[in-house]
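Asks: Just passing along the structure, written as structure tokens.
The values are calculated or read from the model by the stated rules, or taken from the named source; none is laboratory data. Quick caveat: nothing in here was measured; it's all calculated off a predicted structure. All Cβ positions, glycine included, derive from the backbone under ideal geometry; neighbour counts span all protein chains shown. Keep in mind that these areas ignore ligands, DNA and RNA; they rest on the heavy atoms of the full protein, side chains included. Shrake-Rupley method; radii C 1.70, N 1.55, O 1.52, S 1.80 Å.
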Amino acid sequence: MPPIVVQNEKLLPYMTDHYDPARLRQLRRFLERQGAFKMVPLRTHLFPAAAVVTRSTSQSGYQHVWVRDNVHVSHALYVSGHVRAAAQTMSALMQFFARHRHRFEDIIRGRAKAADPMSRPHVRFNGATLQESRETWAHAQNDALGIFLWMYCRLACEGVVSHSVRRWRL
């Protein structure tokens, strides 16, 4: 078995071969003190890939939001009782897709090639402005689009988000 590599030595006292409820509570308290569970949304209610992006780390692209990540965050908010926050995140994603719905329509109508990832609906974008990034990126992620539809429809069926077509016509 290869050796375990630990990037943060502060975790060593919390690592063990066996976890019981008390050890898990200790680990959770440690992670809470480190801010590991703190997620701060943008004013659009979307969550960037990194909480803090500096000038030196901006090349990572982590200042962008990813559809899949935001759906997972929305789902976590939903199941933990923060339904309004979950709905705000999903509504912001829907607003982005409504604003750029031509990408769906162009592929469906054959005006754009699905094989060209930049022609596809973008799954990574500027969450602060809901604008697409011009940077070439692999947007061919049907799973991200599918999980978005699943979560949005789940909330729409419960009346938590709008299911009106007129609401999303921009």
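Asks: Considering only residues that are among the β-branched types (Val, Ile, Thr) and either in contact with a Gly (Cβ under 9 Å, 6 or more places away or on another chain) or at pLDDT below 95 (or both), which ones fall in region 28-86?
Replies: Correct list: VAL40, THR44, VAL52, VAL53, THR54, THR57, VAL65.
Asks: Would you say ARG43 is open to solvent by 80 Å² or more (accessible area, probe 1.4 Å) and within 25 Å of THR136 (Cβ to Cβ)? Before you say what the answer is, go through the steps one by one.
Replies: Numbers: open to solvent by 80 Å² or more (accessible area, probe 1.4 Å): yes; within 25 Å of THR136 (Cβ to Cβ): no.
So ARG43 fails the test.
Asks: Moving on to the next point. Which count do you get for residues in region 9-49 that are over 26 Å from the mean Cα position of the chain (by Cα) and either part of a loop (DSSP other than H, G, I, E, B) or of a type in the set (Gly, Ala, Ser) (or both)?
Replies: Of the residues in that region, 7 qualify.
Asks: If I ask for residues that are over 24 Å from ARG43 (Cβ atoms), in a loop (DSSP other than H, G, I, E, B) and touching a residue at least 60 places away in the same chain (Cβ under 8 Å), which ones from region 99-149 would you list?
Replies: If the condition is that a residue be over 24 Å from ARG43 (Cβ atoms), in a loop (DSSP other than H, G, I, E, B) and touching a residue at least 60 places away in the same chain (Cβ under 8 Å), then GLN141 is the only one that fits.
Asks: Can I ask one more? Of all residues in region 93-139, count the ones that are of a type in the set (Lys, Arg) and touching a strand residue (DSSP E or B) at 6+ places or on another chain (Cβ under 7 Å).
Replies: The qualifying residues number 1.
Asks: Further, regarding this structure: List the pairs whose first member sits in region 19-47 and is among the charged types (D, E, K, R), whose second member is open to solvent by 70 Å² or more (accessible area, probe 1.4 Å), and whose Cβ atoms are under 8 Å apart, counting only residues at least 6 apart or on separate chains?
Replies: LYS38/ALA51
Asks: Let me ask something additional. Assuming ALA76 fulfils every condition listed in (1) open to solvent by less than 30 Å² (accessible area, probe 1.4 Å); (2) under 20 Å from LEU149 (Cβ atoms) apart from one, which condition is it?
Replies: Failing condition for ALA76: (1).
Asks: Here is a list: VAL52, VAL6. Which entry is part of a loop (DSSP other than H, G, I, E, B), open to solvent by 70 Å² or more (accessible area, probe 1.4 Å) and more than 25 Å from GLU158 (Cβ to Cβ)?
Replies: Details: VAL6 fails: open to solvent by 70 Å² or more (accessible area, probe 1.4 Å).
Matching residue, one of VAL52, VAL6: VAL52.
Asks: Among the numbered criteria (1) free of Cβ contacts under 8 Å to residues at least 40 places away in the same chain; (2) in a loop (DSSP other than H, G, I, E, B), which single criterion is violated by ASP69?
Replies: The single condition ASP69 does not satisfy is (2).
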